[in-house]
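Engineer: This structure is in C-alpha cells; I'll ask about it shortly.
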Amino acid sequence: MSGRKPLSPSAKRRSRESAVVTLLAVIILIMFLVSMNTGLIRLSPMDVIHTLLGNGTDKQKLILFDFRLPRIVISLLVGAGLAVSGCILQGLTRNALAEPSTLGINAGAGLAVIVFISFFPAVSSAPVFVLPLLALAGGTLAAVFVYVLSFRRVDGSSPIRMILIGIAVGAGIYAIQMILSLRLDPQNYQFVAIWLAGKIWGGDWRFVLALLPWIVILLPFVFYKARVLNVLNLGDETSAGLGMPVERERLLLLGAAVALSGACISVSGGIGFVGLIAPHLARRLVGPRHQALLPASALTGALLLLTADTLARWILQPAEIPTGIIVALIGAPYFLYLLAKSKA
C-alpha cells in the first residue's frame, strides 16, 4: 500500500508562505469593505457593492468614488511602500530598529515638502505631481548625508553607524522643520502641524496618480532584488566572497528605499513606525526569506495603515484624528518591546 509522499521542508515553507500571503490579501479585502462603510454618512456593505458595480445613487457614487475610495487606495499604497522601504533598510543594516524614520529619510523628505509649501499661499495650488519628486530629493540628500558620514575606507558603511548617524541627522532636520514652520502664515502652519502628525491629506485621484507610478515601478524592482538582500544578510565579507558587488547593490537598494518612502511621505505626512512594525510582523509569519518577506511586508503595511486610517476616521466622528497618531499608539509600545529585546 503506497502512502502519500511527504512534502519536503522547502515545499512546506512555500505552502505556508502562500497561505499567509493569501490570508493577508483576504483580510485586506474585508478591511477595504469596512473602510468604505466608515464615515459620517453610512453605507451598508450591500450599498458599497452595488455602488462599485455601478448601481448606486448619485450621492452614494459621490461619497464612495470622490471621497472615500481615493483615500483608501492611498492608504494601501503608502502602507505597502513604507513597509517595503523599512524591510529593505532592516535587511541592509541587519538592524531590527532600522526604518525610514530612524535613518533620517522621512525627516529629509518632510523638510523638502515644508520648504515647498512655505512658498505657496495655499496648499491646494501646489502641483501634486511635483511633491513626490521634492520628497525624493529631500530624502535622498538626507540618505546621502547619512551614508557619507557612516562610510569608512576600511570597512565601508557600517550598519550600526548608519543607524546612530541617521537618528542624529533626523533629529537635526526635525528641529529645522519646526523653525521653518514658525515662519509660515496661519493657514500653512496649520497644514504643516497636521502633516507632521501624519494626516493622509491627499484625498483625491490626483494624489493616487502621483504616487502610483512609484509603487508600480519600485516594488517589482525590489522584489527582483530579494535574493540580493538574502546574500547581504550574510554580512559584507561573506557577500563579497560570493562575488557580489556589495556597495553597488547596497546603493541601489538604498535608493529604492528612499524613493519609496519619499513618494509615500509626500502624500501621507509624517507617518512613522509602519516601516518598523510591518516587516517584523511579516517576518514572524513567513520567516526571513526575502522572496516571501517583501510581499508579506507590503501586504502587512497596507493592512496596518488602512486599519489605522479607518480608526482615525471613526473614533471621534465627525472630527478626525491624524492617522499617524493611531499608528504611533500601536508602534511606540512595539518599538519599546524591540528595544528591550535587543538589550536582552
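Engineer: Can you tell me which residues in the stretch 124-150 are at pLDDT below 80 and open to solvent by 80 Å² or more (accessible area, probe 1.4 Å)?
Structural biologist: Result: S124, F129.
Engineer: Got a sec? Which of L293, L303, L281 is at pLDDT 85 or above, open to solvent by 10 Å² or more (accessible area, probe 1.4 Å) and closer than 19 Å to L89 by Cβ? Before you say what the answer is, go through the steps one by one.
Structural biologist: Working: L293 fails: open to solvent by 10 Å² or more (accessible area, probe 1.4 Å); L303 fails: closer than 19 Å to L89 by Cβ.
Residue meeting the stated conditions: L281.
Engineer: Exactly one condition in (1) at pLDDT 90 or above; (2) among the charged types (D, E, K, R); (3) touching a helix residue (DSSP H, G or I) at 6+ places or on another chain (Cβ under 6 Å) is false for D236; which is it?
Structural biologist: (1)
Engineer: Just one of A193, A210, A282 is closer than 24 Å to V78 by Cα, over 19 Å from the mean Cα position of the chain (by Cα), among the small types (G, A, S) and not in a loop (DSSP other than H, G, I, E, B); which is it?
Structural biologist: On the way: A210 fails: over 19 Å from the mean Cα position of the chain (by Cα); A282 fails: over 19 Å from the mean Cα position of the chain (by Cα).
Result: A193 is the single residue among A193, A210, A282 that is closer than 24 Å to V78 by Cα, over 19 Å from the mean Cα position of the chain (by Cα), among the small types (G, A, S) and not in a loop (DSSP other than H, G, I, E, B).
Engineer: While we're looking at this one, here's another question. Taking the conditions exactly as written (open to solvent by 60 Å² or more (accessible area, probe 1.4 Å), assigned to a helix (DSSP H, G or I) and farther than 30 Å from V130 by Cα), does I330 satisfy them or not? Explain how you work it out, then say what you get.
Structural biologist: On the way: open to solvent by 60 Å² or more (accessible area, probe 1.4 Å): yes; assigned to a helix (DSSP H, G or I): yes; farther than 30 Å from V130 by Cα: yes.
Spelling it out, I330 is indeed open to solvent by 60 Å² or more (accessible area, probe 1.4 Å), assigned to a helix (DSSP H, G or I) and farther than 30 Å from V130 by Cα.
Engineer: Go through the stretch 19-106 and tell me which helices (runs of 4 or more DSSP H), entirely inside it, have 1 or more residues that are open to solvent by less than 70 Å² (accessible area, probe 1.4 Å) and touching a Cys at 6+ places or on another chain (Cβ under 6 Å). Quick ask: steps written out before the conclusion?
Structural biologist: On the way: elements: 45-52, 58-61, 69-93.
Filter on the stretch 19-106 gives 69-93.
The values are calculated or read from the model by the stated rules, or taken from the named source; none is laboratory data. Every value quoted in this text rests on a predicted model; they were computed, and no experiment measured them. So basically every Cβ, Gly included, is an ideal-geometry build from the backbone, and we count neighbours across all protein chains shown. SASA here: full protein model, heavy atoms, side chains in, ligands and nucleic acids out. Shrake-Rupley method; radii C 1.70, N 1.55, O 1.52, S 1.80 Å.
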